[in-house]
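Everything below concerns the one structure shown next.
Each reported figure results from applying straightforward, stated rules to the coordinates on display, with no laboratory input. Here the structure is a predicted model, which means the values were calculated and not measured. A quick note on method: Cβ atoms are made from the backbone with ideal geometry, for glycine too, and the neighbour counts reach across all protein chains shown.
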Amino acid sequence: MSVSGDRANGSQPIVQTIGLEKLFPVKKGVFSTVVGHVHAVDGVDLSVFRGETLGLVGESGCGKTTVGRTILRLAEPTGGRIIFQGKDITEIPQSAVRGFRKRMQIVFQDPYSSLDPRMTVERIIGEGFAIHGPPKGIGDSKFIKREKIHELIEQVGLSHDHLSRLPHEFSGGQKQRIALARALALDPDFIVLDEPTSALDVSVQAQALNLLKRLQSKLGLSFLFISHDLSVIEHMSDRIAVMYLGKIVELAPTREFMGNPLHPYTKALISSIPIPDPLKRKDRRGIEGEVPSPIDPPKGCRFHPRCSVAFDKCGWEGRDLVAHLLEVAKITNPTHILSNHVVGLRSDGFAAYVDLRSGEDVDLVKRWLGAYFAERKKESSLLDAVVAIDMFLVDREVVVSCDKLSLPGTAAGSADKGKKPPRRKISARKVAQEAAMLMERVLDVDPASRVHNMILSIKPRGRHVVFKVLGPEANLDKAVAELETRLKFMKEQKNPIALAVRRVAIKRTKGPKLELAVKLGAVEEPQMDDVGNGHFVACRLYDK
């Protein structure tokens, strides 16, 4: 369910993101081969209404800052849409973005590095006028510009004498006021505040926050307030969104959020807020374990490996099964099958791979695994999720070739209203990434798929999508036939990604001929559910 729609009063959001994505490529080797992606922002739906402050909170590295930068197109989105004042600005060229940039600004986290040390305060505040033209007014443009700068410096609580000074002459709090004045210079409607008080002393933070509230009330500004400090977020925000590993996991009005948190991660964050009164005891809920890598986030609910109340529907994956089998191997004697016949275990997505010693009896290991899972499946949802144990052909894979894509542009993308909007061009590499996610949904996750029990790890590779298939060679033909049937239907529905698929083929690869694999049933990520009072949560505990 989308959480980026209209409010109850029917007002339209000033800024809205729909399925916003930002992936950063991970490269290796001399030729900088892309071997994976950091899922910094992964399908984020948000909306900010006029005059509202939306707080965005989460641990460091969860993707908060990337959301803000991507909304402003300081970082180019990988997928999804950005709607600003009713216009889609996702794919418009940077030359056209400049026109929107007047109405949306950012105040960066570190005032020490965001201000040019060689420029006076007057030049810093007036820098936007050099790009977008002088402020509106009657008379000499230089005089109007100077009057505007004087007005701005007064609005942020500094004096005219400060205009001729350089940034190093100011304290951290004063520098952040200068950065705010610069953001206000072009009369924006929307400002991203990226940890605006984290670099300030506690004594100065309250002054800065109160200044922001006064300016918002006076100028009717909308804020996206990014912070890892829930106390600050609570003080500033009308609504609060919690982010974890690139996903929004909870969103609610501030009072509802603080009084009735639902997601286990949110509860742990709130319980960690320090209470100044030593007489008040508080039940603290710590979060166990390390934050998983955003390169390979957990399947299902991304918080489930660290959640104290996770249950069978929350998620599982191949690495969970590998960890379980390694624990079994530790407590068994050296002659046990896992210790004596298996040299290694590895995982990829919903599959675990069993590497056997040379010449070992594959059927013996396969039978033992089958009997073990059948005996213990009632004790563990992970073992109950095993859907297949079989050999697969390592030297065969299904290769899906993709072409680049050209789509109709948006009206907002044309600088000249008389001209036809430029077309959106999507590279074959980007099409392959989208196609891999599409195929995972229709072949692996969709229970209606006739081959979901045999599909192993669908991945993009350059302009291609590749995957292997569990079982005998005939299963490769079944998988190709199922995929071609699905693609044909989607092409008839004019799905642009399906239309960009050029060919599906089975190819030989290097490596051993056979290997043993265990396939787990796919589990989907929880969707944001509306639990009432404008409160949304993505957690299996609240599935309807």
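Using only alpha carbon pairs under 8 Å that are at least six residues apart, calculate the relative contact order of the range 318-386 and give it in whole percent. Before the final figure, lay out each step's value.
Values: 61 pairs, mean separation 18.8, N = 69.
Once normalised by length, the contact order is 27 percent.
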message: Using alpha carbons only, how many angstrom separate the centre of the range 119-181 from the centre of the range 337-402?
response: 66
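What number comes out for the charge environment of Q105, summing +1 per Lys or Arg and -1 per Asp or Glu over other residues with Cβ under 14 Å away? List each step's numbers first, then the result.
Values: positive: R69, R73, R98, R101, K102, R103, R182; negative: E127, D187, D189, D194.
Once positives and negatives cancel, what remains is +3.
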- prompt: For the range 24-68 and the range 431-477, what is the separation of their C-alpha centers, rounded to whole Å?
  reply: 26
message: How would T33, T197 line up from fewest to most surrounding beta-carbon atoms within 10 angstrom?
response: T33, T197
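Normalise the Cα radius of gyration of the range 13-272 by 2.2 N^0.38 Å (N = residues in it) and let me know the number.
Values: Rg = 19.1 Å, N = 260, 2.2 N^0.38 = 18.2 Å.
The value comes to 1.05.
Can you tell me the relative contact order of the range 13-272? Whole percent, Cα pairs under 8 Å, sequence separation 6 or more.
Numbers: 477 pairs, mean separation 69.6, N = 260.
The value is 27 percent.
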field: Within the chain, helix-based [θ] at 222 nm, where runs of 4 or more DSSP H residues each add -39,500 (n - 2.57), nearest 500
entry: -9000 deg cm²/dmol
- request: Straight distance only, please: which lysines reach the Cα of K494 with their own Cα at less than 27 Å, same-chain residues fewer than 8 apart left out?
  value: K22, K87, K404, K419, K420, K425, K430, K459, K478
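Can you list which of the trypsin sites (Lys or Arg not before Pro) found in the range 302-358 are DSSP loop residues with at most 12 other C-beta atoms within 10 Å?
Working: sites: R302, R306, K313, R319, K330, R346, R357; in loops: R302, K313, R357.
Answer by residue number: R357.
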- prompt: Rounded if a/c is under 1.5, else prolate if a/b beats b/c, else oblate: with a ≥ b ≥ c from the C-alpha gyration tensor eigenvalues square-rooted, which is the range 318-386?
  reply: prolate
- request: Run the numbers on the chain and let me know its relative contact order in percent, using alpha-carbon pairs under 8 Å that are six or more apart.
  value: 15
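For the range 62-148, what class follows from the C-alpha gyration tensor (a ≥ b ≥ c being the square roots of its eigenvalues): rounded when a/c is under 1.5, otherwise prolate if a/b is larger than b/c, else oblate? Write down the numbers at each step before the final one.
Numbers: a/c = 3.01, a/b = 1.48, b/c = 2.04.
Oblate.
Relative to the Cα centre, what is the charge dipole magnitude of the range 318-386, using +1 at the beta carbon of each Lys and Arg, -1 at the beta carbon of each Asp and Glu, and rounding to the nearest 20 debye?
On the way: 9 positive and 10 negative charges, 15 e Å.
Rounded to the nearest 20 debye, it is 80 debye.
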- request: For a footprinting-style exposure proxy, rank L221, L476 by other Cβ within 10 Å, fewest first.
  value: L476, L221
- line: Farthest towards the positive end of the dipole of the range 126-256, among Q205, I149, G246 and with Cβ unit charges of +1 on Lys and Arg and -1 on Asp and Glu, lies the Cα of I149
field: Charge context of R118, other residues only, Cβ under 15 angstrom, K/R +1, D/E -1
entry: -1
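Rank the residues H304, H168, H535 as a footprinting-exposure proxy: fewest other Cβ atoms within 10 Å of their Cβ go first. Before the final figure, lay out each step's value.
Values: H304 24, H168 9, H535 20.
Ordered by Cβ neighbours within 10 Å, fewest first: H168, H535, H304.
May I ask for the net charge around S406, where only other residues with Cβ less than 11 Å from the Cβ of S406 are counted and Lys, Arg are +1 while Asp, Glu are -1? All intermediate terms of the calculation are to be shown ahead of the outcome.
Numbers: positive: K404, R423, R424, K425; negative: D403.
Net charge around S406: +3.
Report the charge-dipole magnitude of the chain in Debye, nearest 20, computed about the Cα centre from +1 at each Lys and Arg Cβ and -1 at each Asp and Glu Cβ. Spell out each step's value before the answer.
Details: 80 positive and 66 negative charges, 353 e Å.
For the chain, the charge dipole is close to 1700 debye.
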task: Give the shape of the chain as rounded, prolate or oblate, defined through the alpha-carbon gyration tensor: a ≥ b ≥ c are the square roots of its eigenvalues, a/c under 1.5 means rounded, and otherwise the shape is prolate if a/b is larger than b/c and oblate if not.
output: prolate
